[in-house]
Amino acid sequence: MSRRYGAGLVPILGWIRSYDRRWLRGDLIAGVTVAALIVPKNLGYAGIAGIPLQNGLYAAAAGAILYGIFGTSRQISMGPSSGLAAVAASAVLVTGLTEQGDIASFVAGITLASGVLFLILFVLRMGWIAQFLSRAVVTGFLFGAAIDVVISELPKLTGTTADGTNSFQELWSWFGTLGERHQATVIVGAVSLVVVFGVRRIAPHVPGALVLVVGGLIASWLLDLGDRGVALVGDVPRGLPSFALPNLGLMWENAATVAIAAVALVLIGFSQTAGDARTFAAKHRYQVDIDQESVAQGLANVGAGLFQGMPVSTSLSASSLNDHSGARTGLASLTSGFTVLLTLLVLAPLFSSLPKPVLAALIIEAVIMGMINIPEMRRLARVQPFDFWVAIAAIVGTLAFGVLAGVIIGIGLSLLWLIAVATHPNIATLARKANTQVFRDVSEYPDDERIPGVVVIRMDGGLFFATSDALEDRLREIIHSTPDLTGVVLDCAGINFIDSQGSAKMNDVVSLARDSGITLRLARLKAAVSATLARDGVLQRIGAGNIHGNVSTAVQAQLETSAPPPSDGQSEED
């Protein structure tokens, strides 16, 4: 395609006109192949959220079709994910809902709310808000949510029950019921786990979820597992999803939970979709429109919510399969969506006899392989221990207080880290490399030459309300700790922004220097910063003679100004 992929609010109108028939076979094969992967997985995701299994397929169809129309990535597969399902399940747990009809309506409602929030962020151009959830926090949150989901599925593997207000109590409760385990259920659950993880290990390119579901259905029929006391998932009706508004009264009663859940879904969902879209675009050398991705994901969630579904986002495994199967355009996503609808029309009742321990094994495999990222935890521990402990805090918070609380804790940790970094800018002391005019950070080059009577510092980052005090504090420290100080040179190359408070603080710094009997010189001042200081009258107070183009010139000027006068009987020429 020669035209920019994704131009306009309905990208399909752009690429469909220039569609090359040679792409058709790859798109169709990719769409059907991905559908074979996501149908069994979405049964599991619906199980995590606690909604009827067919509702997970409703969301898968709506997400894939709407993304195919409005998305700008050619390989993305949009649908329910384990992480979003865990958020939805936690929101249900907070509300205390028990009736499946209410749960389904509530989950559809928070899905709709998250879609609307996506669209609001697009209109306000606030997609950057997703950056408030750091990668370390997301890693820890997903890790903790996966453990939480696994613990909640353990009773289905043993035919017992468990209760508790958090994951630790629920796990302890489950251990206490093992003496009442149902033998047939334990055998089915154990075999299911071996099958689904074994297929992934032995034949990673084979869809283990599909193998498990088909095998579970056959075993249920051949061995009459229902008659042997193994719980089955129950009725899964045939038919297409119908348009239905969520119970608005229920949403209003739980407005706070709805708001928190919607924010969590947006933060997690957008970070996944934006990152995956950029990855595939870079691989295949085309452009994606990140703002349009917000629209696509927003409309996909609105559609999923209005058709009684659950939250949707990018599935990396499905998207990778889509790519490897030959997807070239959004037609692959449309094909996946319509294949899911065909499954609902023809095959849905078959899932009624699926044993619950098989579904539990499917869910456990999905969350362990999709949400527990041990290599990333190891990387965090190696590269930046602080980030590792932030991830650990997110894990513990999620397990102790619930998935929604884990998201809130994660956001809080991210903001605290952001504030800590913003309010403690790096202000390095510089020294001169021998026989050069280059000034470098003494913490990296401790043997460099220091200039007697002159201290050179460099501030990295903006000078604004959160950082301005740090500059003044550093100057006071230099004045009090440096004997025979005549001047300070501030290298401003790293200061790319200044606000009114930063300008006022610079004025205070000028006063502090004058009161201390030293000269303040600025070097490498950027035009935008200089203009702000000029409008505030600060540059006039500093003086044009104290503004320099580079650090070396500023230091030399200070040395010449502070040099002692010639002694009696000696001329300046001497």
Check whether at least one residue in the stretch 324-334 is over 22 Å from the mean Cα position of the chain (by Cα), open to solvent by less than 50 Å² (accessible area, probe 1.4 Å) and under 21 Å from VAL213 (Cα atoms), and report yes or no.
no
Any residue in the stretch 434-447 that's more than 15 Å from GLY494 (Cβ to Cβ): show its pairings with residues that are at pLDDT 90 or above and open to solvent by 100 Å² or more (accessible area, probe 1.4 Å) at Cβ separation under 8 Å, as long as the two are six or more apart or on different chains.
VAL442/ARG450
Under the condition of being modelled with pLDDT of 90 or more and more than 18 Å from the chain's Cα centre (by Cα), which residue from the stretch 385-400 is most open to solvent (accessible area, probe 1.4 Å)?
VAL396
Looking for whichever is surrounded by fewer than 22 Cβ atoms within 10 Å (Cβ to Cβ) and farther than 25 Å from LEU84 by Cα here; the options are GLY234, GLY275, GLY226. Which one fits?
GLY226
Tally time: how many residues in the stretch 283-308 are open to solvent by 10 Å² or more (accessible area, probe 1.4 Å) and within 16 Å of ASN322 (Cβ to Cβ)?
4
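Pick from the stretch 88-143 the residues that are in a loop (DSSP other than H, G, I, E, B) and at negative phi: which of them is least open to solvent (accessible area, probe 1.4 Å)?
Selected residue: LEU133.
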What number of residues in the stretch 481-520 are in a helix (DSSP H, G or I), within 15 Å of VAL456 (Cα to Cα) and open to solvent by 20 Å² or more (accessible area, probe 1.4 Å)?
1
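Would you mind listing the helices (runs of 4 or more DSSP H) fully within the stretch 274-384 where at least 1 residues are at pLDDT below 90 and closer than 22 Å to VAL403 by Cβ?
Details: elements: 290-306, 316-324, 331-346, 356-371, 374-383.
Helices (runs of 4 or more DSSP H) meeting the threshold: 316-324, 356-371.
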Would you mention how many residues in the stretch 46-76 are open to solvent by 10 Å² or more (accessible area, probe 1.4 Å) and either free of Cβ contacts under 8 Å to residues at least 12 places away in the same chain or in contact with a strand residue (DSSP E or B) (Cβ under 8 Å, 6 or more places away or on another chain) (or both)?
1
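Quick grid of which residues meet (1) among the charged types (D, E, K, R); (2) closer than 23 Å to ALA466 by Cβ:
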| site | (1), (2) |
| --- | --- |
| MET506 | no, yes |
| SER511 | no, yes |
| THR519 | no, no |
| ALA528 | no, yes |
| ALA531 | no, yes |
| ARG535 | yes, yes |
| VAL538 | no, yes |
| GLY543 | no, no |
| ASN546 | no, no |
Residue satisfying condition, being more than 41 Å from the chain's Cα centre (by Cα) and within 29 Å of LYS433 (Cβ to Cβ), within set LEU463, LEU512, LEU520
LEU520
Test: residue in the stretch 170-181 that is open to solvent by 60 Å² or more (accessible area, probe 1.4 Å), in contact with a Gly (Cβ under 9 Å, 6 or more places away or on another chain), at pLDDT 90 or above and in a loop (DSSP other than H, G, I, E, B)
yes
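Quick grid of which residues meet (1) at pLDDT below 90; (2) over 18 Å from ILE427 (Cα atoms); (3) of a type in the set (Ser, Thr, Tyr):
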residue	(1), (2), (3)
THR467	yes, no, yes
GLU472	no, no, no
THR486	no, yes, yes
ARG514	no, yes, no
SER530	no, yes, yes
LEU533	no, yes, no
PRO566	yes, yes, no
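What tally of residues in the stretch 347-369 results from selecting those that are touching an Asp or Glu at 6+ places or on another chain (Cβ under 6 Å) and over 17 Å from GLY50 (Cβ atoms)?
First pass over the stretch 347-369, keeping only residues touching an Asp or Glu at 6+ places or on another chain (Cβ under 6 Å): 352, 360, 363-364.
Filter once more, so that each one left must be over 17 Å from GLY50 (Cβ atoms): 352.
Matching residues across the stretch 347-369 total 1.
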Yes/no for LEU430 being open to solvent by less than 50 Å² (accessible area, probe 1.4 Å) and either among the aromatic types (Phe, Trp, Tyr) or farther than 30 Å from ILE260 by Cα (or both)
yes
Please tell me if GLY44 is small (Gly, Ala, Ser) and either in a loop (DSSP other than H, G, I, E, B) or in contact with a Ser or Thr (Cβ under 6 Å, 6 or more places away or on another chain) (or both).
no
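One line per residue, one yes/no per condition, for (1) in contact with a Pro (Cβ under 6 Å, 6 or more places away or on another chain); (2) without any contact (Cβ under 8 Å) to a residue 12 or more places away in the chain; (3) open to solvent by 60 Å² or more (accessible area, probe 1.4 Å); (4) part of a loop (DSSP other than H, G, I, E, B):
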residue	(1), (2), (3), (4)
GLY164	no, yes, no, yes
GLY189	yes, no, no, no
LEU193	no, no, no, no
PRO204	no, yes, yes, yes
With respect to the numbered conditions (1) farther than 30 Å from ASN166 by Cα; (2) of a type in the set (Ser, Thr, Tyr); (3) open to solvent by less than 20 Å² (accessible area, probe 1.4 Å), which one is the sole condition not fulfilled by SER18?
(3)
Output the residues belonging to the stretch 419-461 that are in contact with a Gly (Cβ under 9 Å, 6 or more places away or on another chain), modelled with pLDDT of 90 or more and in a loop (DSSP other than H, G, I, E, B).
GLY453
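Looking only at the stretch 120-136, which residues are closer than 30 Å to ARG378 by Cα and either among the small types (Gly, Ala, Ser) or out of contact with any Leu (no Cβ under 6 Å at 6 or more places or on another chain) (or both)?
Narrowing the stretch 120-136 to residues closer than 30 Å to ARG378 by Cα: 127-136.
Matches in the stretch 120-136: GLY127, TRP128, ILE129, ALA130, GLN131, PHE132, SER134, ARG135, ALA136.
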Could you check, for the stretch 241-255, whether at least one of its residues is surrounded by fewer than 13 Cβ atoms within 10 Å (Cβ to Cβ), within 19 Å of ALA59 (Cβ to Cβ) and over 31 Å from the mean Cα position of the chain (by Cα)?
yes
Checked the stretch 256-279 for anything over 17 Å from the mean Cα position of the chain (by Cα) and in contact (Cβ under 8 Å) with a residue 24 or more places away in the chain; matches are THR257, VAL258, ALA259
Pair list, Cβ < 7 Å and 6+ apart or interchain, from the stretch 83-95 residues that are under 16 Å from THR139 (Cβ atoms) to residues that are among the β-branched types (Val, Ile, Thr) and open to solvent by 10 Å² or more (accessible area, probe 1.4 Å)
ALA86/ILE48
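Would you point out which residue out of ALA162, ALA104, ALA108, ALA146 is of a type in the set (A, V, I, L, M, F, W, C) and within 19 Å of the chain's Cα centre (by Cα)? Reasoning before the result, please.
On the way: ALA162 fails: within 19 Å of the chain's Cα centre (by Cα); ALA104 fails: within 19 Å of the chain's Cα centre (by Cα); ALA108 fails: within 19 Å of the chain's Cα centre (by Cα).
Every option except ALA146 fails the conditions.
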Of (1) surrounded by fewer than 18 Cβ atoms within 10 Å (Cβ to Cβ); (2) over 21 Å from HIS324 (Cβ atoms); (3) of a type in the set (Val, Ile, Thr), THR185 fails just (1)
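The values are calculated or read from the model by the stated rules, or taken from the named source; none is laboratory data. Quick caveat, the model's predicted, so the values are computed rather than measured. Counting neighbours? That spans all protein chains shown, and the Cβs are built from the backbone with ideal geometry, glycine included. Areas reflect the complete protein model, heavy atoms only, side chains present, ligands, DNA and RNA absent. Shrake-Rupley method; radii C 1.70, N 1.55, O 1.52, S 1.80 Å.
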